[in-house]
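Participant: Please see the structure below; I have some questions.
The values are calculated or read from the model by the stated rules, or taken from the named source; none is laboratory data. Computed from a predicted structure; not experimentally measured. Glycine gets a Cβ as well: all are built from the backbone with ideal geometry, and neighbour counts include every protein chain shown.
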Amino acid sequence: MENVKNIKKIDIHAHANPNKEFSPALLEVNEKILSPEEVIEIYDKINVETGVLLPLVDPACQPTIIMTSEDCKRMSDASNGRFAWFCNVSPYALTNTPDADLSYLLNHYKSLGAKGVGEVTTQLFADDPMMDNLFGHCAKCDMPVIIHIAPKVGGYYGIVDDLHLPRIEKMLKKHPDMKLIGHSQCFWSEISSDVTDETRMIYPQGNVKDGTIARLMREYGNLHCDLSAGSGANAMMRDREYAARFMEEFADRIYYGCDICVSISDFQYRFSDFLIDMVKDGYLTKENYIKIVRNNAAKLLGLEEYKGD
């Protein structure tokens, strides 16, 4: 039986800077987003075969537009299979109205090889008519969409929802054919029912009490989960027993991710080791580990699935 450590992973959430020499640093860390070559160096250390490049096209909380859909396609084409890519379409695109035919743009990028949409970070409420329109076109074009959720308009980036995600639930209910992939602190803090307005934007610690995410996953088969960044990693690592139950129950709709932006990040190493240890220690079956770190994303991207020994 192959050691799970040797199973090549797919990162559902990647960013890379194609113009690093010209880009300003991110203010909060005084570092530039990594180049594609630097991301691949990290991938080689944690056995990631392919990462999904997500364009960053909204200006909120960024010093500049770091990477466009076109940039991501170029980086993917030049990567010899190390990157796939999503496109990113603003809800304001074309006509800046809630009835814009965004399928026109989505189908254009899909014809070029885009496998989904995201990371959507526009500072609108999740059920705003403009966001509603974008979600509807994502469903119509069969394009999964990764979202970043923020707690309010102003001071943050990301689509906005209230505590316990009532607006996201409204969109899940309205667009049952849309694959919505949740991400960010405001998403993952909802793994526990004791989250508050004060703790939803941090990385809560302690035991998890079954919360909004599990309820929504049970009620809406179109909700999926992106384990990337400190938010996803923390949600699993804070309570190993709960993480085991969560991953076993929802293994078909969970995606391994990194969201490595700068060189000082190190959670990707700890989280990769954590998942491997979960299998070694009997908390997570090998079958479900393979789904989470590779096969779910492989199905989404049309890549080769791991078939086993």
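Participant: Pick out the one residue from Ser265, Ser272 that is touching a helix residue (DSSP H, G or I) at 6+ places or on another chain (Cβ under 9 Å), small (Gly, Ala, Ser), over 30 Å from Gly136 (Cα atoms) and free of Cβ contacts under 8 Å to residues at least 24 places away in the same chain.
Facilitator: Details: Ser272 fails: free of Cβ contacts under 8 Å to residues at least 24 places away in the same chain.
The conditions single out Ser265.
Participant: Just for region 245-276: of the residues that are part of a helix (DSSP H, G or I) and among the small types (Gly, Ala, Ser), which one is surrounded by the most Cβ atoms within 10 Å (Cβ to Cβ)? Talk me through it step by step, then tell me what you get.
Facilitator: First pass over region 245-276, keeping only residues part of a helix (DSSP H, G or I): 245-249, 251-253, 267-276.
Going one step further and asking which of them are among the small types (Gly, Ala, Ser), we end up with 251, 272.
Numbers: Ala251: 18, Ser272: 20.
Once the filter is applied, the top-ranked residue is Ser272.
Participant: Can you name the residue in region 116-137 that is among the charged types (D, E, K, R) and farther than 15 Å from Asn88 by Cβ and, of all such residues, is surrounded by the most Cβ atoms within 10 Å (Cβ to Cβ)? Can you show your working first?
Facilitator: Taking region 116-137 and keeping what is among the charged types (D, E, K, R), we get 119, 127-128, 132.
Subsequent filtering for residues that are farther than 15 Å from Asn88 by Cβ retains 127-128, 132.
Numbers: Asp127: 18, Asp128: 17, Asp132: 20.
Applying the filter and picking the extreme gives Asp132.
Participant: Looking at (1) in contact (Cβ under 8 Å) with a residue 60 or more places away in the chain; (2) more than 16 Å from Gly182 (Cβ to Cβ); (3) among the polar types (S, T, N, Q), can you tell me which one Asn133 breaks?
Facilitator: Looking at each condition in turn, Asn133 falls short on (1).
Participant: With the structure loaded, tell me whether Ser184 is in contact with a helix residue (DSSP H, G or I) (Cβ under 6 Å, 6 or more places away or on another chain) and not charged (D, E, K, R) or whether it fails that test. Reasoning before the result, please.
Facilitator: Details: in contact with a helix residue (DSSP H, G or I) (Cβ under 6 Å, 6 or more places away or on another chain): yes; not charged (D, E, K, R): yes.
Judged against the criteria, Ser184 is a match.
Participant: Another question, if that's okay. Report whether or not Tyr242 is more than 23 Å from Glu41 (Cα to Cα), more than 16 Å from the chain's Cα centre (by Cα) and surrounded by 15 or more Cβ atoms within 10 Å (Cβ to Cβ).
Facilitator: Values: more than 23 Å from Glu41 (Cα to Cα): yes; more than 16 Å from the chain's Cα centre (by Cα): yes; surrounded by 15 or more Cβ atoms within 10 Å (Cβ to Cβ): yes.
Taking the combined requirement at face value, the residue satisfies it.
Participant: Now a separate question. Taking the options Val89, Val57, Val52, Val29, name whichever one is at pLDDT 95 or above and out of contact with any helix residue (DSSP H, G or I) (no Cβ under 6 Å at 6 or more places or on another chain).
Facilitator: Val52
Participant: Considering region 50-81 alone, what residues qualify as being over 26 Å from Asn296 (Cβ atoms) and basic (Lys, Arg)?
Facilitator: Result: Arg74, single match.
Participant: Same structure, new question: Would you say Val279 is touching a Lys or Arg at 6+ places or on another chain (Cβ under 9 Å), surrounded by fewer than 22 Cβ atoms within 10 Å (Cβ to Cβ), closer than 15 Å to Ala14 by Cα and in contact (Cβ under 8 Å) with a residue 40 or more places away in the chain?
Facilitator: Details: touching a Lys or Arg at 6+ places or on another chain (Cβ under 9 Å): yes; surrounded by fewer than 22 Cβ atoms within 10 Å (Cβ to Cβ): yes; closer than 15 Å to Ala14 by Cα: no; in contact (Cβ under 8 Å) with a residue 40 or more places away in the chain: yes.
It is false that Val279 is touching a Lys or Arg at 6+ places or on another chain (Cβ under 9 Å), surrounded by fewer than 22 Cβ atoms within 10 Å (Cβ to Cβ), closer than 15 Å to Ala14 by Cα and in contact (Cβ under 8 Å) with a residue 40 or more places away in the chain.
Participant: While we're looking at this one, here's another question. Is it the case that region 123-137 has a residue that's closer than 23 Å to Ile66 by Cβ and in contact with a His (Cβ under 8 Å, 6 or more places away or on another chain)? Working first, answer last.
Facilitator: First pass over region 123-137, keeping only residues closer than 23 Å to Ile66 by Cβ: 123-124, 130-131, 134.
When the remaining residues are screened for being in contact with a His (Cβ under 8 Å, 6 or more places away or on another chain), the result is none.
No, that holds for no residue.
Participant: State which residue pairs qualify: first residue under 22 Å from Cys87 (Cα atoms) and inside region 146-162, second residue among the charged types (D, E, K, R) and crowded, with 24+ Cβ neighbours inside 10 Å in any location, beta carbons under 6 Å apart, and separation of 6 or more residues or different chains.
Facilitator: Pairs found: Ile146/Glu119; Ile146/Asp226; His148/Glu119; Ile149/Asp161.
Participant: Still on this structure: Quick one: would you say Ile264 is over 21 Å from Asn207 (Cβ atoms), at pLDDT below 95 and out of contact with any Pro (no Cβ under 6 Å at 6 or more places or on another chain)? Even if it seems obvious, please write down each step before you answer.
Facilitator: Numbers: over 21 Å from Asn207 (Cβ atoms): yes; at pLDDT below 95: yes; out of contact with any Pro (no Cβ under 6 Å at 6 or more places or on another chain): yes.
Here the answer is yes, as Ile264 does meet what is asked.
Participant: Just need a number here: residues in region 116-125 that are under 13 Å from Pro55 (Cβ atoms) and either touching an Asp or Glu at 6+ places or on another chain (Cβ under 6 Å) or outside any loop (DSSP other than H, G, I, E, B) (or both).
Facilitator: Initial filter on region 116-125 (under 13 Å from Pro55 (Cβ atoms)): 116-122.
Retained after the next criterion (residues that are either touching an Asp or Glu at 6+ places or on another chain (Cβ under 6 Å) or outside any loop (DSSP other than H, G, I, E, B) (or both)): 117-122.
Looking only at that region, the number is 6.
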